[in-house]
Structures are given as C-alpha cells and as structure tokens.
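Peer 1: Below is the structure I would like to discuss, written out as structure tokens.
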Amino acid sequence: YQRRVRGLRKATSWGMTIDPDIIILKPNSPLTNVYFNSDSWTHRNRCDIQGGVLYAGPIPTNFVVPGANSGSTPNNAAAILQSDGRTIVQGQPFTRCTAGGPATALVRFPNADIYTDGIVGAHGGSGMSSLGGTLRLGELMKGSGPVRHALKINLDSVNYYSGGTPASYRWPAQKADGCAPGCYTGNNPALKMGSLVALNTSVDLDKLGFETEPGRSLAWTFQNYGAYIVDTTGWSVYAIETEQSPDGDYQTQFSQSWGFSLTPNSKDTPWSRDMDRIFLSLSVVDSWNEDIWKQVIASNGNQGAGGGQPLQPWAPPY
C-alpha cells in the first residue's frame, strides 16, 4: 500500500544535491587509524586529531577526503571493509585532509556484516547503512542501463512528520535526528526518517515530461525499487547518496558521462526540473515494516517490498 506524499515541500535553494558516502573496499590496504574529531557540522575543517582512536581499517595511503568549510559540511558516512572481507566498520563524518595524513570522524557506529541484512550504519539521522543504497560508480551513466537496487535520499526536515519519538522514525531506521521531534514539522504521519518512498506504479513515466535521459532512468528506479530516507539535508534541497571512494568520485563521473552537473545550483535546468518531477510525485510505501519484511524474506522471491507481487526479480545472493 502506498500513500501519496502530499505536502512535500518543493526544494527551492538548489537544483539537486548529493550526500557522499565514503566507501573504502580495499581490504589489503594499510591498516589506518581513524581518530576522534569534534568539528562535526560547525564549518571547522575536521582535519586535526582531537582525541583517541575510534576505529581502524584498511585505507589506501593516497586516498583523500577533503575537510569541511564555511560552505560545505558533508555527512561523509563511511563504510570500510576490513581485512576479513566481510566486516564493514562505519563512522561519520569521515575526513582525511592530506594523503598519508590522519583520518578523523566524530562517531563510530555499529559494525555490519555484508552477508547479513545490511541495515545498520553511519547515517546519523537514521542509523542506516553507509553502503547499501548508494549510487555507485558506473551506475546511471550513458549506456549503463537502469539502476537495479533501492536508493537512499535526504529531505529537508520540514517534510518529516512532527510526531514525537519514537514516532519520529520508522523501520528500518534505528533512530531519528537528535533535534527531533522539534525540527520535524511535516503533517504526513507516514513520512518519517526511514520511510521507503517510491513512484506509484499508476504513474506513467512517459507522461511526466522528463527532459533528460538520466532523469527518466532514475525515475524508473524510484518506481521499481524506491528509496529510503536516511538523513536530513538541513536546507531546502533534495539529496541522493553517492559514492566517493579510492576508485573515484560519483559526481565527477556523472558530469563527465552526461555533460552536465549532477548538482546544479539553478532550479531552472532540465535536470533540476526532472528532480522536481520525481520528488514531488513520490508516495510512501506505508505497508512496509519489520514484520512484513520478514514475511517477504520468507517468500523466496515471490513477494516484493510491502508484501505484494515483486516488480523486479530479486537480486542473486552474494
């Protein structure tokens, strides 16, 4: 069952934004300590060691994640694959200002095993995965075909239901923002941190008037797989989680592939208008909770999210 997200605020401040997930899947790299730094989202640079070791993981020596500044405080939820090839260590906001220099973060989150459900992680607004649902390098590029997995998005907190904790979030989120419920001022009880949102199957994508090929392709993914709300943007924009890793930066690859920016500052571009077409047409999959998820898992591919007929075949196991 899907409930239309009525009253979703149209983003007014930027055409589209990203929330980079720092994905480090290099288990044979040098073991590197990640130290405590309290700069967080204060616009200080996050570069310096300010406390003890939070965790350690294999990180290539030359991998750099720039620090924050007055105009940029990315969430930088990190997922680092350990040398055993299955354990993911997660923290936020990950920073490494110089090659070979110290790596820092504010918070360590629970480890995850890539052979289990993959729910928990370092997205501070929800406690959800730093790895699952991220737009990965090579996806949504020219000739790549549609993205065939659920996505992760962030919205401005004015959209999230204003009911008090624990009503401020829903499964699979583990938590809500620390400012909740006061900073959540939405009026749709279904739209919370952790909600699965999608384009209803009744929406004819060909009638939405998409102006870009990747916009139309992304809409297909929203309709067939949906996206989980995992964090808050903090301003009037939409955001989607993308890969930043030793192998490259998704935002750069997208621009090179399509010849335009993934994150235009203007609302008056074909891509920006396509993002409005998607986000303002979303519905909440309101029948999605942990009990239904367990029922779906037991169906061995015969059910999809929400408990109905799957729109796409399940992905094969690892």
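The values are calculated or read from the model by the stated rules, or taken from the named source; none is laboratory data. Treat the numbers as computed from the prediction; the structure is a model and nothing was measured. Ideal geometry is used to build each Cβ from the backbone, glycine not excepted, and the neighbour counts take in all protein chains shown. Heads up: the accessible areas ignore ligands, DNA and RNA and are worked out on the full protein's heavy atoms, side chains in. Shrake-Rupley method; radii C 1.70, N 1.55, O 1.52, S 1.80 Å.
Peer 1: Of all residues being part of a helix (DSSP H, G or I) and open to solvent by less than 40 Å² (accessible area, probe 1.4 Å) in the stretch 259-272, which is farthest from residue 238 (Cα to Cα)? Just the residue, please.
Peer 2: 271
Peer 1: Here's a follow-up. Test of understanding: among 190, 180, 176, which residue is free of Cβ contacts under 8 Å to residues at least 24 places away in the same chain and either more than 25 Å from residue 273 (Cα to Cα) or open to solvent by 60 Å² or more (accessible area, probe 1.4 Å) (or both)?
Peer 2: Numbers: 190 fails: free of Cβ contacts under 8 Å to residues at least 24 places away in the same chain; 176 fails: free of Cβ contacts under 8 Å to residues at least 24 places away in the same chain.
Only one candidate qualifies: 180.
Peer 1: While we're here: Name the single residue that is nearest to the chain's Cα centre (by Cα) among those in the stretch 101-118 being assigned to a loop (DSSP other than H, G, I, E, B) and of a type outside the set (Val, Ile, Thr).
Peer 2: Taking the candidates together, the pick is 118.
A quick yes/no check of all residues on (1) within 21 Å of residue 138 (Cβ to Cβ); (2) among the charged types (D, E, K, R); (3) modelled with pLDDT under 95:
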{"residue": "185", "(1), (2), (3)": "no, no, yes"}
{"residue": "190", "(1), (2), (3)": "no, no, yes"}
{"residue": "207", "(1), (2), (3)": "no, yes, no"}
{"residue": "212", "(1), (2), (3)": "yes, no, no"}
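Peer 1: Next up: How many residues are under 21 Å from residue 151 (Cα atoms), touching a Leu at 6+ places or on another chain (Cβ under 8 Å) and either crowded, with 24+ Cβ neighbours inside 10 Å or among the polar types (S, T, N, Q) (or both) when one looks only at the stretch 94-132?
Peer 2: Selection size over the stretch 94-132: 1.
Peer 1: Filter the stretch 215-230 for residues that are out of contact with any Asp or Glu (no Cβ under 6 Å at 6 or more places or on another chain), touching a residue at least 60 places away in the same chain (Cβ under 8 Å) and of a type outside the set (A, V, I, L, M, F, W, C) and give the result.
Peer 2: 217, 221, 223, 224, 225, 226, 228
Peer 1: On to the next question. Considering the stretch 101-155 alone, what residues qualify as being among the charged types (D, E, K, R), out of contact with any strand residue (DSSP E or B) (no Cβ under 7 Å at 6 or more places or on another chain) and more than 23 Å from residue 316 (Cα to Cα)?
Peer 2: Within the stretch 101-155, 142 is the sole residue that qualifies.
Peer 1: When the stretch 273-318 is examined, which residues are found to be in a helix (DSSP H, G or I) and either on the phi > 0 side of the Ramachandran plot or of a type in the set (D, E, K, R) (or both)?
Peer 2: Of all residues in the stretch 273-318, those in a helix (DSSP H, G or I) come to 273-279, 290-297.
Matches in the stretch 273-318: 273, 274, 276, 277, 290, 291, 294.
Peer 1: Please give the strands (runs of 3 or more DSSP E) falling wholly within the stretch 1-93 in which 2 or more residues are open to solvent by 60 Å² or more (accessible area, probe 1.4 Å) and at pLDDT below 95.
Peer 2: 2-4
Peer 1: Does the stretch 146-173 hold any residues that are farther than 30 Å from residue 187 by Cα and either assigned to a strand (DSSP E or B) or open to solvent by 40 Å² or more (accessible area, probe 1.4 Å) (or both), and which are they?
Peer 2: 146, 148
Peer 1: Every residue in the stretch 145-180 that is touching a helix residue (DSSP H, G or I) at 6+ places or on another chain (Cβ under 9 Å) and either at pLDDT 95 or above or within 30 Å of residue 311 (Cα to Cα) (or both), please. Steps first, please.
Peer 2: Just the residues of the stretch 145-180 that are touching a helix residue (DSSP H, G or I) at 6+ places or on another chain (Cβ under 9 Å), to begin with: 145-151, 153, 155, 171-172, 177, 179-180.
If the condition is that a residue be touching a helix residue (DSSP H, G or I) at 6+ places or on another chain (Cβ under 9 Å) and either at pLDDT 95 or above or within 30 Å of residue 311 (Cα to Cα) (or both), then 145, 146, 147, 148, 149, 150, 151, 153, 155, 171, 172 are the ones that fit.
Peer 1: Does the stretch 23-33 contain at least one residue that is of a type outside the set (A, V, I, L, M, F, W, C), within 22 Å of the chain's Cα centre (by Cα) and within 22 Å of residue 233 (Cβ to Cβ)?
Peer 2: Here is the first cut: in the stretch 23-33, the residues of a type outside the set (A, V, I, L, M, F, W, C) are 26-30, 32-33.
Subset that is within 22 Å of the chain's Cα centre (by Cα): 26.
From what's left, within 22 Å of residue 233 (Cβ to Cβ): none.
No, the conditions are met nowhere in the stretch 23-33.
Peer 1: Here's something else I'd like to know. Can you name the condition, by its number, that residue 121 falls short on among (1) in a strand (DSSP E or B); (2) without any contact (Cβ under 8 Å) to a residue 40 or more places away in the chain; (3) under 21 Å from residue 240 (Cα atoms)?
Peer 2: Single failed check for residue 121: (2).
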